[in-house]
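Enquirer: Would you mind keeping the following structure in view while I ask a few things?
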Amino acid sequence: MSRFAFTKRDYLVLFGIAWAVVLLYCFYLIGAKAMDLRRKAIIDANRTRNDIVIDNTYEIMHALTRYKVDHAGNGPPSLDKILGTRYLRKMPTNPYTAQPVRLVRMGERKCEGELTFMKGSSYIGNVSTSELNRNDDLLIIAYGNREEGFIKYADWRFFPEGNELWSDELASKLVWITGGLAVGGKTMGGGAYWYRDSDEEIYTANGYTLPIQMEKEAFPGDDQ
């Protein structure tokens, strides 16, 4: 009974097959990546103004996060501190006004596409050592027009309702809330934990009376 033995030609054939499989897999990955990029490009090209507002919020949030990484976890005293720097070259454009995004107070009527910033504190503690460190943190609120809907963020949209913090009318303007002060407390493992100021503490510390109302709409003759 003869024993089968690989010849040099057999090894070359197997080597060629292996390379063909690798190349096909690489082409598959490249094709999948290209399709994903095309899909994202189509979505970006068809964003609603609400989607752009959320993208603007993320752009600013990422700039603030980079600043915090470089400054021991503390945020800038104001957005002006990072505006025009490597963190944030310029304010993104408001899709509703075609002007740079403005910072507004909650309750302002002309708020579509604008943002509200609120300052507060977050804390990292350790049960074992009783150590507690405070960091400056932010809450960012974005406004839009819900009737226009969402495409890019169709599955992520945020629809708050009126509550003890804000009225139903104000809630109808909100499309996104983010920032370190937007998440709840959590246990981090190893005896460490994280928490933040309460919602009531954040809003009242920033000069609001709860529940926050939309400012009175002005009509001709009101000031007479």
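Enquirer: Within region 27-38, is there a residue that is assigned to a loop (DSSP other than H, G, I, E, B) and either at pLDDT below 75 or within 18 Å of the chain's Cα centre (by Cα) (or both)?
Expert: no
Enquirer: When only residues in region 106-116 that are free of Cβ contacts under 8 Å to residues at least 40 places away in the same chain and either touching a helix residue (DSSP H, G or I) at 6+ places or on another chain (Cβ under 6 Å) or not polar (S, T, N, Q) (or both) count, which is nearest to ILE141 (Cα to Cα)?
Expert: GLU114
Enquirer: Might you let me know whether region 81-95 holds any residue that is surrounded by 15 or more Cβ atoms within 10 Å (Cβ to Cβ), in contact with a Lys or Arg (Cβ under 8 Å, 6 or more places away or on another chain), among the aromatic types (Phe, Trp, Tyr) and outside any loop (DSSP other than H, G, I, E, B)?
Expert: Looking for residues that are surrounded by 15 or more Cβ atoms within 10 Å (Cβ to Cβ), in contact with a Lys or Arg (Cβ under 8 Å, 6 or more places away or on another chain), among the aromatic types (Phe, Trp, Tyr) and outside any loop (DSSP other than H, G, I, E, B), one finds none in region 81-95, hence no.
Enquirer: Turning to a different aspect of this structure: Hey, any hits in region 172-190 for a residue that's at negative phi, exposed (fewer than 15 other Cβ atoms within 10 Å of the Cβ) and part of a helix (DSSP H, G or I)?
Expert: No, region 172-190 contains no residue that is at negative phi, exposed (fewer than 15 other Cβ atoms within 10 Å of the Cβ) and part of a helix (DSSP H, G or I).
Enquirer: Moving to a separate point now. Residues being of a type outside the set (A, V, I, L, M, F, W, C), surrounded by 16 or more Cβ atoms within 10 Å (Cβ to Cβ) and in a strand (DSSP E or B): count how many of those fall in region 134-151.
Expert: Selection size over region 134-151: 4.
Enquirer: Tell me, which residue of region 183-210 that is under 19 Å from GLU131 (Cβ atoms) and of a type in the set (A, V, I, L, M) is modelled with the lowest pLDDT?
Expert: Result: MET188.
Enquirer: Right, here's the next one. Go through the residues of region 122-134 one by one and say whether even a single one is on the phi > 0 side of the Ramachandran plot and at pLDDT below 90.
Expert: Scanning region 122-134 turns up at least one residue that is on the phi > 0 side of the Ramachandran plot and at pLDDT below 90.
Enquirer: Moving to a separate point now. Which residues, counting only those in region 191-209, are crowded, with 17+ Cβ neighbours inside 10 Å and closer than 23 Å to LYS110 by Cβ?
Expert: TYR203, TYR208
Enquirer: Quick one: which residue in LEU139, LEU181, LEU165 is assigned by TED's automatic domain parsing to the domain that holds GLU59, touching a Lys or Arg at 6+ places or on another chain (Cβ under 7 Å) and in contact (Cβ under 8 Å) with a residue 12 or more places away in the chain?
Expert: Just a single option satisfies the conditions, and that option is LEU181.
The values are calculated or read from the model by the stated rules, or taken from the named source; none is laboratory data. Keep in mind that what you see is a predicted model, and the values were worked out from it rather than measured. Counting neighbours? That spans all protein chains shown, and the Cβs are built from the backbone with ideal geometry, glycine included.
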